[in-house]
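Visitor: Submitted below is the structure of interest, expressed as structure tokens.
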Amino acid sequence: MVTVLLYIFRRYLAFIVLCVPLRIVNQRSRVAFLAEKKDNSLNACCEKLPTPMNLALQKNENEHASGFSLARVLKKKIFCIIYGYSKYLIYTIKYFPSHVVRNWVYKYIFLVDCHPNSTIYFGCEIRAGYSLHIGRGSIIGDNCILDARQGIYIGENVNLSSEVHLWTESHDMNDPYFRGSPSKRGAIYVGSRAWLGANVTVLDNVKIGEGAVVCAGAVVCAGAVVTKDVEPFAVVAGIPAKKIGERSHDLKYEFDGSHVLFY
């Protein structure tokens with residue numbers, strides 16, 4: 001018994017030591033994200049956002065001009081350790097065979113705003129969880145990627161099938177430093193009762209259904225790539241996704257948070 005406890009402690013020692021500073025980093029990132037959102041409209045984002053991802057990617061043109069600074073080097077090293085561990089923890093926790101444990105880490109360490117009746121299945125990769133909202137009864141399928149650096153807002157009773165990818169940022173191939181330009185970033189809204197089929201990809205600045213507004217219920221067929229807004233109750237498919245039909249407007253189903261154990 002003692003051997004087992006020592007193994008568990010040693011295996012999760014990094015989590016025990018770094019969970020508090022990691023939560024603090026995510027709290028500061030959330031404050032910065034909300035301040036940026038308040039000062040700038042979602043359709044006219046500023047060029048650089050003070051989030052950990054952007055701080056890690058952006059080019060500091062004055063870094064060499066300011067000369068050597070031990071404090072700056074140490075700060076950068078500490079940031080790299082915490083940020084690197086956050087990536088590792090997301091990768092590790094997404095395969096942990098317990099909804100309770102995964103949800104606790106998502107909510108209290110990565111600050112994901114998820115309703116108690118929502119379900120996040122095995123293998124989901126969450127980036128910038130502090131700017132991710134998942135509404136009541138919504139289901140996130142296995143092996144999804146939710147890149148919430150610019151904000152992802154998922155309504156109620158939404159169904160994201162397996163391998164759905166939501167990307168709120170992308171690189172600009174013409175940028176001198178391969179950064180993301182303002183035209184390559186923006187929030188994603190998924191309206192209530194929307195259904196995204198398996199292997200769907202949604203790019204930045206897209207609204208599925210009516211976004212944060214209720215009574216939306218769009219369907220995106222499997223394998224589609226969504227680059228533009230999808231109107232409520234529309235059925236879209238293809239690359240890029242185009243409307244091919246319309247769904248019934250009489251939708252009444254409610255997901256209650258029931259899920260498969262361990263998975």
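Visitor: Go through segment 191-203 residue by residue and turn each phi into a ³J(HN,Hα) via Karplus (6.51, -1.76, 1.60, θ = phi - 60°); whole Hz please, and just put x for glycine and proline.
Guide: x, 4, 6, 6, 10, 9, x, 4, 6, 6, 10, 10, 8
Visitor: Multiply the residue gap between V17 and I82 by 0.36 nm, knock off their C-alpha separation, and tell me the result in nm, one decimal place.
Guide: Numbers: separation 65, 0.36 × 65 = 23.40 nm, distance 1.05 nm.
Gain in length upon complete extension: 22.3 nm.
Visitor: Continuing with the same structure: Return, ordered by residue number, the residues of segment 17-35 whose backbone nitrogen is under 15 Å from a label point located 7 Å along Cα→Cβ of S69.
Guide: none
Visitor: What net charge is computed for the residues neighbouring I24, neighbours being all others with C-beta under 15 Å from the C-beta of I24, Lys and Arg scored +1, Asp and Glu -1?
Guide: Values: positive: R23, R28, R30, K75; negative: none.
Within the 15 Å Cβ shell, the charges total +4.
Visitor: Cβ under 14 Å from R136's Cβ, R136 left aside: what net charge do those residues give with Lys, Arg +1 and Asp, Glu -1? Kindly include the intermediate steps, with their values, before the conclusion.
Guide: On the way: positive: R193; negative: D113, E156, E254, D256.
That sum, taken over residues with Cβ under 14 Å, equals -3.
Visitor: Taking square-rooted eigenvalues a ≥ b ≥ c of the alpha carbon gyration tensor, is segment 89-149 rounded, prolate or oblate, where a/c under 1.5 means rounded and, failing that, a/b exceeding b/c means prolate? Provide the component values of the computation, followed by the final result.
Guide: Working: a/c = 1.25, a/b = 1.08, b/c = 1.16.
Rounded shape, in that the Cα axes give a/c under 1.5.
Visitor: With each pseudo-label sitting 7 Å past Cα toward Cβ, what's the L34-S181 distance in nm, one decimal?
Guide: Modelled inter-label distance: 3.3 nm.
Visitor: Work through the residues other than N117 whose Cβ is under 12 Å from its Cβ and net out their charges, Lys, Arg +1 and Asp, Glu -1.
Guide: Numbers: positive: R136; negative: E156, E254, D256.
Surrounding charge for N117 is -2.
Visitor: What is the extension gain from V225 to V100, computed as 0.36 nm multiplied by their sequence separation minus the C-alpha to C-alpha distance, in nm to one decimal? Don't skip to the end; give the middle numbers.
Guide: Working: separation 125, 0.36 × 125 = 45.00 nm, distance 3.22 nm.
Separation in residues times 0.36 nm, less the Cα-Cα distance, equals 41.8 nm.
Visitor: Scan around I208 for amide H atoms under 5 Å from its own, H built in the peptide plane at 1.01 Å from N, and keep only partners 5 or more places away or cross-chain.
Guide: Y189, V190, G191, V230
Visitor: Which entries of K38/K184; K87/K207; K37/K243; K37/K107; K87/K107 show an alpha-carbon separation above 24 angstrom in the structure shown? Could the numbers behind the result be given before it?
Guide: Numbers: K38/K184 20 Å; K87/K207 27 Å; K37/K243 31 Å; K37/K107 21 Å; K87/K107 16 Å.
Too far apart for the 24 Å limit: K87/K207; K37/K243.
FYI, it's all coordinate maths here, none of it is from the lab. What you see is a predicted model; the values in this text were computed from it and never measured. Every residue, glycine as well, gets a Cβ built from its backbone with ideal geometry; the counts of neighbours run over all protein chains shown.
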